[in-house]
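These notes are about the structure you will find just below.
The values are calculated or read from the model by the stated rules, or taken from the named source; none is laboratory data. All of these numbers come straight from a predicted model, not from anything done at the bench. All Cβ positions, even for glycine, are placed from backbone atoms using ideal geometry, and neighbour counts span all protein chains on display.
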Amino acid sequence: MQWRRIDLHIHTPASKDYQEPDVTFLDILRKAEAEGLDIIAFTDHNTVAGYAAMMQEISDLERWEASGRLTPEEKARLEEYRRLMSKILVLPGFELTATFGFHILAIFDQDTPIRTLEHVLLQLNVPAELLDEGETEVGPTSDVLTAYRVMDEAGALVIAAHANASHGVAMFGFDFGGQTRIAYTQDPHLHALEVTDLESKRKRTTASFFDGSKPQYPRRMHCIQGSDAHRLVGKRNNYGVGERATEVLLPEVSFKALKELFLSNDFTRTRPYRRTAEPFDHVEAARKQGPSIVQSFHESMSRRGGRLHAIMRDIVAFANTNGGTIYVGVSPNSRIAPKGIDNPEEAMKELRAEIARLITPPIEVQLSVLKSRGKNVIRIVVPKGEDPPYVLEGSKIYLRQESETSLAMRDEIVSLIAKALAEKGALPLQTPSASKAEERHPDTTTVQPPRTGVEIVASTERDGVIYHTMRDLRDGGEVHNVTRSSARRLWRYAIALKEKGTFQEDKVEWVGDLGLWHRYLRAGRPHYDLVQRMPDGQVRIYYGVTEDGIHGPWKEVVGLKE
């Protein structure tokens, strides 16, 4: 008998509400391995399409292997599947939306044919045309008690999903329930309750409610916890794979042993898994934050393809802006395993030589080696330069704007030099851009603009070309004579919307004089196009605002909690 770690509530991109559609099945298995899971279950909404797709992929790879047609990449993928599935038992299942919206997990032996699982779904009145859709709502299906019975008779382990929360059969928080709640939580075809407060220190928890001490609820229920993962790595209130797991004491890792445990009256063999303190992985923490104005990532530093040159550009940009940290040997995408640097000492020697040769004036950077998932990653800490502008190859000046490194434009170079001279006492420190913004909108009683993103403050047309003045909301600096073709990425996005005349006030979600026009993801991070109605009737548009720039009343506009 050994304690085994399980997560029996994991979604895949086959669920319509999955938050990271580009996640692969191998990504999920790798995350399960990283969390030390022994048994997992794929439980997509009203479908087994995710599990079926993974098994089909493995079958195709094995067929191509048998015929000698595997590419090196396919061979590596097949070997990784075999390695991971030799360590982790992956069970098929689904999360049914029963009548009135209650959610129920059905988990099956790994040898159960996909067709059998689909037949069970059809028995539960999931429409045939929706079997592969992964929808959370599929019309009138079976009632809860019928669903328990059909699942159990088909050989499933039947678990009430998040029983004490939304869509849960315990119906906590409702003024009604009574006999229905008793029936839904005491039915003999139900094997366990998944709850969200298994670790709660409150006196009244779901597990204590169903401990068999209450006359109306004489049957003690096995209570477990699962991640209900709709993403790979947790974010805010959404758990990632294995981040809320259960430990079970089993004689072997098998579906049979697992089901026998939940059919027994031995309640000492389940416990919430408490994640032990692991060594802090600075690289992973940085990747979760993603590229920013002070952080960038490079998978390699080879000269081929200009990768080493790209690192040099970032060093110059960080030195000219706010300083920053560069990670070499790792992608910004935390789902991709670090490639690492094979010979970090030699690589750091090469980096120091290139920095000294290509960047002027000299800039002192700190280089160190960090471990992430067993790989060596080089960290370059670049200070904010004391003698800007810093130049690459004698003439190229770069700046960092949010997550992008770009060649500095004329106004930016002038501003950079003027600021450097002012800090040295050679010129008085001036902020003409800020004063111009105040002249345009002199009312200081209004809410201040967001602190990230850009604003187009003026546009003129000359010889058929529209020239824009862009204002950086982070520092108030303005750049003149920007065209759509010369603009960097965020500017180009803003200019395209401006020139197409796409803005319409009736498309804005207003909260007083502040509004949300667009909400979208870029590089996995939420961005907002925000609007502000001024006392003079003018409307200001702020493009590409990140959560870092949201403050005060803007939080209510985008739905962020104080």
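Cβ separations smaller than 6 Å between residues 6+ apart or across chains give the following pairs from the stretch 384-411 residues that are farther than 19 Å from VAL545 by Cα to residues that are surrounded by fewer than 19 Cβ atoms within 10 Å (Cβ to Cβ) and of a type in the set (S, T, N, Q): LYS384/ASN322; VAL391/THR360. State the number of residues belonging to the stretch 497-522 that are out of contact with any helix residue (DSSP H, G or I) (no Cβ under 6 Å at 6 or more places or on another chain), surrounded by 13 or more Cβ atoms within 10 Å (Cβ to Cβ) and hydrophobic (A, V, I, L, M, F, W, C). Of the residues in that region, 5 qualify. For the stretch 110-144, filtering for residues that are assigned to a helix (DSSP H, G or I), surrounded by 19 or more Cβ atoms within 10 Å (Cβ to Cβ) and among the β-branched types (Val, Ile, Thr) leaves 2. The residue pairs whose first member lies in the stretch 42-70 and is at pLDDT 95 or above, whose second member is basic (Lys, Arg) and in a loop (DSSP other than H, G, I, E, B), and whose beta carbons are closer than 8 Å, counting only pairs six or more residues apart or on different chains, are HIS45/LYS16. Residue count for the stretch 475-513, restricted to those that are among the hydroxyl-bearing types (Ser, Thr, Tyr) and in contact with a Leu (Cβ under 6 Å, 6 or more places away or on another chain): 0.
Taking the stretch 1-52 as the range and being part of a loop (DSSP other than H, G, I, E, B), in contact with a strand residue (DSSP E or B) (Cβ under 8 Å, 6 or more places away or on another chain) and of a type in the set (S, T, N, Q) as the test, the residues that pass are THR12, SER15, GLN19, ASN46, THR47. Could you tell me whether ASP342 is more than 30 Å from LYS235 (Cα to Cα), of a type outside the set (A, V, I, L, M, F, W, C) and in contact with a Pro (Cβ under 7 Å, 6 or more places away or on another chain)? Answer is no for this residue. When restricted to residues that are over 19 Å from ARG335 (Cα atoms) and surrounded by 15 or more Cβ atoms within 10 Å (Cβ to Cβ), the stretch 21-78 contains 19.
Only one of the listed residues (SER406, SER334) is part of a loop (DSSP other than H, G, I, E, B), touching a helix residue (DSSP H, G or I) at 6+ places or on another chain (Cβ under 8 Å) and at pLDDT below 95. That residue is SER334. Being part of a loop (DSSP other than H, G, I, E, B), of a type in the set (Ser, Thr, Tyr) and at pLDDT 90 or above, is that true of even one residue in the stretch 88-109? So far as the stretch 88-109 goes, no, none of its residues is part of a loop (DSSP other than H, G, I, E, B), of a type in the set (Ser, Thr, Tyr) and at pLDDT 90 or above. The condition of being more than 23 Å from ALA285 (Cα to Cα), touching a Lys or Arg at 6+ places or on another chain (Cβ under 7 Å), of a type in the set (A, V, I, L, M, F, W, C) and modelled with pLDDT of 95 or more holds for only one of LEU351, LEU358, LEU392, that being LEU392.
The set of residues in the stretch 245-268 that are crowded, with 16+ Cβ neighbours inside 10 Å and either at pLDDT below 85 or in contact with a helix residue (DSSP H, G or I) (Cβ under 7 Å, 6 or more places away or on another chain) (or both) comprises VAL248, LEU250. If you go through the stretch 463-496 and pick out every residue that is outside any loop (DSSP other than H, G, I, E, B) and in contact (Cβ under 8 Å) with a residue 60 or more places away in the chain, you end up with 8.
The single condition among (1) modelled with pLDDT under 85; (2) among the aliphatic types (A, V, I, L, M); (3) on the phi < 0 side of the Ramachandran plot; (4) in a loop (DSSP other than H, G, I, E, B) that ALA207 does not satisfy is (4).
I'm trying to understand the selection: among the residues of the stretch 409-445, which are part of a loop (DSSP other than H, G, I, E, B), surrounded by fewer than 17 Cβ atoms within 10 Å (Cβ to Cβ) and at pLDDT 65 or above? Please lay out each step first, then the result.
Residues of the stretch 409-445 that are part of a loop (DSSP other than H, G, I, E, B), as a first pass: 409, 424-431, 441-445.
Subset that is surrounded by fewer than 17 Cβ atoms within 10 Å (Cβ to Cβ): 424-431, 441-445.
Matches in the stretch 409-445: LYS424, GLY425, ALA426, LEU427, PRO428.
Restricting ILE359, ILE341, ILE355 to those that are without any contact (Cβ under 8 Å) to a residue 60 or more places away in the chain and out of contact with any strand residue (DSSP E or B) (no Cβ under 7 Å at 6 or more places or on another chain) reduces the list to ILE355.
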